[in-house]
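One structure is given below, encoded as structure tokens.
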Amino acid sequence: MITDRRVVHNKPDILVLDQLEKRAYIIDIAVPSDENAQKTRGEKIRKYQELSFELKEMYGLNTVRVLPIVITVNGLILKSVVEICRSIDLVDEVLKRMQKSVLLDTARIVRKFIK
């Protein structure tokens with residue numbers, strides 16, 4: 001994202017900008033280990049706060065939400081991720097596909113390591 005002022009973390013995975021409703025969603029996806037799920041969620045929120053303020057100012061937005069999608073390597077999903085998906089009207093099927101993709105990639109990495 002190009003901003004008026006320099007922002008260190010300016011590359012979220014997904015940015016949804018709704019200029020009619022004057023809101024934006026900064027979506028960042030992470031796949032940490034089970035032990036680091038909550039920590040990763042907090043880091044993602046903190047990391048994009050500065051970008052959030054900058055976007056709000058640049059585009060005259062009413063709200064900018066940082067939505068961290070955290071799915072652990074074992075496919076565990078935090079309750080907050082389910083709430084996030086429902087708040088932006090993502091159907092449960094999309095969440096299941098993301099979970100399946102994480103599990104398949106984890107299995108691929110393990111197989112590659114074993115060989």
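Read the figures in this text as sums done on the coordinates, not as results from a lab. Computed from a predicted structure; not experimentally measured. Cβ: placed from backbone, ideal geometry, glycine included. Neighbour counts: every protein chain shown.
Overview of values
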quantity	calculated
Residues whose placed amide H lies under 5 Å from that of LEU76, excluding near-sequence neighbours	none
Shape category assigned to the range 1-41 from the gyration tensor of Cα positions, a/c cut at 1.5	oblate
Degrees between helix 92-114 axis and first principal axis of the chain (Cα, 0 to 90, nearest 10)	50
Neighbour cut-off at most 10 other Cβ (10 Å), DSSP loop, GluC sites (Glu not before Pro), the range 1-74	GLU21
Restricting the range 1-92 to trypsin sites (Lys or Arg not before Pro) in coil, as DSSP defines it, with at most 10 other Cβ within 10 Å	ARG5, ARG6
Interchain or long-range residues, amide H under 5 Å from ILE29's placed H	ASP13, ILE69
Residue-averaged 222 nm ellipticity for the chain, from DSSP H runs of 4+ at -39500 (n - 2.57), nearest 500	-15000 deg cm²/dmol
Proximal aspartates and glutamates to LYS47, defined as alpha-carbon separation beneath 16 angstrom and excluding residues fewer than eight positions away on the same chain	ASP13, ASP28
Whole-Hz couplings from phi, Karplus 6.51/-1.76/1.60, listed for the range 11-19; x for Gly and Pro	10, x, 5, 9, 10, 10, 10, 10, 6
Efficiency of FRET between ASN62 and ALA30 - r from beta-carbon atoms, R0 30 angstrom, step 0.05	0.65
DSSP bridge pairs, the chain: antiparallel proportion in percent, nearest 5	45
Kirkwood Rh in Å, taken over all unlike Cα pairs in the range 1-105	14.5
Cα-centred dipole magnitude for the range 19-87, charges only on beta-carbon of K, R (+1) and D, E (-1), debye, nearest 20	180
Charge context of GLU93, other residues only, Cβ under 14 angstrom, K/R +1, D/E -1	+2
Amide H within-cut-off set for VAL64, under 5 Å, with H built and near neighbours excluded	ALA24
